[in-house]
Amino acid sequence: MKRLGDLPDVIPIFPLAGALLLPRGRLPLHVFEPRYLAMTEDCMKTPERLIGMIQPREVPDGEAARLHAIGCVGRLTGFSETEDGRYMITLTGISRFRLRDEVQGFTPYRRAKVDWAPFGRDRGGAEVDPGFQRAAFLPLLRRFFLARGLSTDWGALDEAGDELLINTLSMLCPFGPEDRQALLEAPSLETRRETLVTLIEFALRSGGTEEPMQ
């Protein structure tokens, strides 16, 4: 468990639309832009090895991209390098944060002052969802996967704990960036599950498609 005092006030941030990291979740990333290659290298030199994932806000064409107020920091727990110098990394989610202010400096990537206090629950043990009715949820999920042409290991999903199941589906299901932000900002596992069910039901009713599953 990470205590509040263990987390730095300033972290490097990786703005990436559509990328969702949740506490105790794992997010694989393909890093190839020079500024984020530098960020990864600098990250590995620190004892914490933290990178903050945050989504840009949707803005009209021609306006400078702003960032959402809430992101999630991950610890770099997996790293490999390709022959042409790209990095394949894995971040393991530690805690959400609230963006306070961006830090001006000499790094090619962005850094920010962040507030961890609103998300103390993230640094505890796995959450439970007492109202989760798995027997009703899994058939709905099967319909969604069938409609989207997706496949999965249903045995593993059935055996997964509440948090692992709900958070993994939140991170992987093909929802748009604003829907992913709503899942990130859900104050509890119960409200995240309710949001996830609403998004799945809406997708089934509308029959629309979003981006492909990561």
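Derivation of every value follows stated rules applied to the coordinates shown; laboratory data play no part. Keep in mind that this is a model prediction, so the values were computed, not measured. Methodologically, a virtual Cβ is constructed for each residue, glycine included, from the backbone with ideal geometry; neighbour enumeration extends over all protein chains shown.
Some points to look at:
- Of Ala203, Ala147, Ala112, the one that fluctuates the most in a GNM where the chain has Cα springs shorter than 10 Å: Ala147
- Along its first, second and third principal axes, ordered by size, the chain spans 52, 38, 37 Å in Cα coordinates.
- The calculated P(r) of segment 134-206, using every Cα pair and 10 Å bins from 0, goes 18, 58, 23, 0 in percent.
- Ranked by the mean number of other Cβ atoms within 10 Å per residue, highest first, peptides 157-170, 24-37 order as 157-170, 24-37.
- Mean Cα-pair separation over length for the chain, i.e. relative contact order, pairs under 8 Å, 6 or more apart, %: 22
- Segment 73-174 - Debye-derived log10 I(q)/I(0), Cα point model, q = 0.16, 0.17, 0.21 Å⁻¹: -0.99, -1.04, -1.18
- Gaussian network model of the chain, springs between alpha carbon atoms under 10 Å - residue of Met171, Met39, Met88 with greatest fluctuation: Met88
- Pairs of alpha carbons in segment 4-122 whose separation is greater than 24 Å (percent): 22
- Helices meeting the span-like rule in the chain (full DSSP H runs, Cα extent of at least 20 Å along the helix axis, mean Kyte-Doolittle score of -0.5 or higher): 134-148, 189-206.
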